[in-house]
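Quick notes on the structure that follows.
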Amino acid sequence: MLTQERETPVTGAEDQLPRPVRLFLLLLGGLSLLCGAVELVCGRVLHLASPYTWPLMPLGNPFWDFSLYKARFAYFHSPQFFTFDGPGYFYPAPLATMHWLLYLMPASTRVFLCLLLTVWLVAAVLLGRLLTRRGVTRCNVTLEVGTAALCSYPFLFEFEQANLEWILCVLVGCGIVAFLRGRGYAAAACFGVAGSMKFYPLVLVGLLISRRQYKQAVTTAAVFGVCTLVGLWMLCPNLAASWRGIRSGLEAFREWYVLGYEQVGFDHSVVGCMKALTLVIHPDDTPPQTLQMMIGLYIPVAAFAGILTYFGVIRMLPVINQVICLIVATILLPPISYDYTLLHLYVPWALLVLFAWENRGRDVPGLTAAMVCFAILFAPETELIVHGQSYGGQVKACALVALLLIALLRKFPSTYDAEAPALAVG
């Protein structure tokens, strides 16, 4: 998928798993087994309730994120969509069209979950084929891809919540693959559509700018604008009313979730760490004004630091490093980022796995450390609970920061960098 070349199968010592990959699998499997054992003891022996028994036992209503809006969508494409007496709609307009299309299907929740599972399996098969083309034996492919797929905490979180995040993951993943194959306009379209559904994928336009594909970057903005207008019209023919309704929903989301503390353990953003810190300092009475002030200061500082880091460092790094940095930025820097957004990390992880096999036998600085970070990010740490509050999200935030620093300081040059002139043609 990412390359057309085919390598000769390796034999002997070269057939062994690369050390970084082997360590990744051991750590991912060990952490997953440890979490499962702890939660089984908490649930079956100690008879404790949530959060001590999650993710083995679903929290509250399973598939809540998908079923929450179903009644509201009976009034899709009408002003009543925003006056319906029910939970507000908390997403940008284009994502509502995806909800509507899925709700049209009979047994929509089952169809949604089947689509999610199918995409997950197809992605695993595609990665397995890429590894096979590089001479990796079927046994190693099955071990590596199978362990990563079965022990995936982000996928389990996404499946239990039934959020539409996986659709954005598909769009962003396809955009990155298109970029690597020199199809700049296809990548731009994918980033634009994904960015219209949730704003943070627009950060990936940095890949296009780094290759001086400015026309493609403008295409991303155009696609984003068109999708937003179409999405607003689909919600309600009155664009002004639709815009006000979406703004109202996003503001409600900010008040209830960004400034709320209920799901801190599943939020791996920088702001999630701020919330966890305020809970430690003020466990009984956390002033909301303090958090609001911190977020108000954080957003412009994070935006300025991100832009400065991109133009000063990231755009000059190898492609794999750029992908890691930009993906980490999309799930670490927003004011809220729940654990299903970790699914976006599987594309840079796959690129690094392919890189590890292509450089087997070599000691590449930073590669093992990066794989350790990925293992921590893909495994559950929900059993890290203090006074009834899980801090798994904050552990993952630390791993994301470490991964970002590794990508900034340790280079992973690959054949994609050699193909940069071809990529620039778009």
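The values are calculated or read from the model by the stated rules, or taken from the named source; none is laboratory data. What you are looking at is a predicted structure, and each value in this text was computed from that prediction instead of being measured. Positions of Cβ are backbone-derived with ideal geometry, glycine not excepted, and every protein chain shown enters the neighbour counts. Remember, those area values only see protein heavy atoms, side chains included, never the ligands or the DNA or RNA. Shrake-Rupley method; radii C 1.70, N 1.55, O 1.52, S 1.80 Å.
Give the residues of the range 238-251 that are open to solvent by 70 Å² or more (accessible area, probe 1.4 Å) and over 24 Å from Ile336 (Cα atoms), sorted by residue number.
Asn238, Leu239
Number of residues in the range 31-59 that are at pLDDT 80 or above and out of contact with any helix residue (DSSP H, G or I) (no Cβ under 9 Å at 6 or more places or on another chain): the value is 14. Exactly one residue among Pro365, Pro300 is part of a helix (DSSP H, G or I) and either farther than 21 Å from Leu143 by Cβ or in contact (Cβ under 8 Å) with a residue 24 or more places away in the chain (or both), and that residue is Pro300.
Note on the range 197-217: residues that are farther than 22 Å from Pro87 by Cα, part of a helix (DSSP H, G or I) and touching a residue at least 12 places away in the same chain (Cβ under 8 Å) total 14. Do we have Leu229 as of a type outside the set (Lys, Arg) and crowded, with 24+ Cβ neighbours inside 10 Å here? Considered against the rule, which asks whether it is of a type outside the set (Lys, Arg) and crowded, with 24+ Cβ neighbours inside 10 Å, Leu229 comes out as no. Applying the set (1) touching a residue at least 40 places away in the same chain (Cβ under 8 Å); (2) assigned to a helix (DSSP H, G or I); (3) open to solvent by 10 Å² or more (accessible area, probe 1.4 Å) to Thr330 leaves exactly one unmet item: (3). Just one of (1) part of a helix (DSSP H, G or I); (2) open to solvent by less than 10 Å² (accessible area, probe 1.4 Å); (3) touching a Ser or Thr at 6+ places or on another chain (Cβ under 9 Å) fails for Leu403. It is (3).
When the range 267-281 is filtered for residues that are modelled with pLDDT under 85 and open to solvent by less than 80 Å² (accessible area, probe 1.4 Å), the ones remaining, listed by number, are Thr278, Leu279.
Within the range 85-98, residues that are touching a residue at least 24 places away in the same chain (Cβ under 8 Å) reach partners that are basic (Lys, Arg) with beta carbons closer than 9 Å, at six or more positions or on different chains, in the pairs Gly88/Arg72; Tyr89/Arg72; Tyr91/Lys198; Pro92/Lys198; Leu95/Lys198.
Among the residues of the range 335-355, is there at least one that is in a loop (DSSP other than H, G, I, E, B) and open to solvent by 10 Å² or more (accessible area, probe 1.4 Å)? Write out each step before concluding.
The first filter runs over the range 335-355 and keeps only residues in a loop (DSSP other than H, G, I, E, B), leaving 335-337.
Then keep just the ones that are open to solvent by 10 Å² or more (accessible area, probe 1.4 Å); that gives 335-336.
Looking through the range 335-355, at least one residue is in a loop (DSSP other than H, G, I, E, B) and open to solvent by 10 Å² or more (accessible area, probe 1.4 Å).
Selection over the range 252-266 of residues that are in contact with a strand residue (DSSP E or B) (Cβ under 8 Å, 6 or more places away or on another chain) and open to solvent by less than 40 Å² (accessible area, probe 1.4 Å) gives a count of 3. A count restricted to the range 128-146 and to residues that are open to solvent by 20 Å² or more (accessible area, probe 1.4 Å) and within 19 Å of the chain's Cα centre (by Cα) stands at 0. May I ask you to verify whether Tyr69 is open to solvent by less than 70 Å² (accessible area, probe 1.4 Å), outside any helix (DSSP H, G or I) and without any contact (Cβ under 8 Å) to a residue 40 or more places away in the chain? Yes. Counting just the residues of the range 147-163 that are touching a strand residue (DSSP E or B) at 6+ places or on another chain (Cβ under 9 Å) and in a helix (DSSP H, G or I), which one comes out surrounded by the most Cβ atoms within 10 Å (Cβ to Cβ)? Among those that are touching a strand residue (DSSP E or B) at 6+ places or on another chain (Cβ under 9 Å) and in a helix (DSSP H, G or I), it is Phe157. Residue pairs whose Cβ atoms lie under 8 Å apart, sitting 6 or more positions apart in sequence or on different chains, and linking a residue in the range 113-133 that is farther than 26 Å from Ser67 by Cα to a partner that is among the acidic types (Asp, Glu) and surrounded by fewer than 16 Cβ atoms within 10 Å (Cβ to Cβ), are Arg133/Glu5; Arg133/Glu7.
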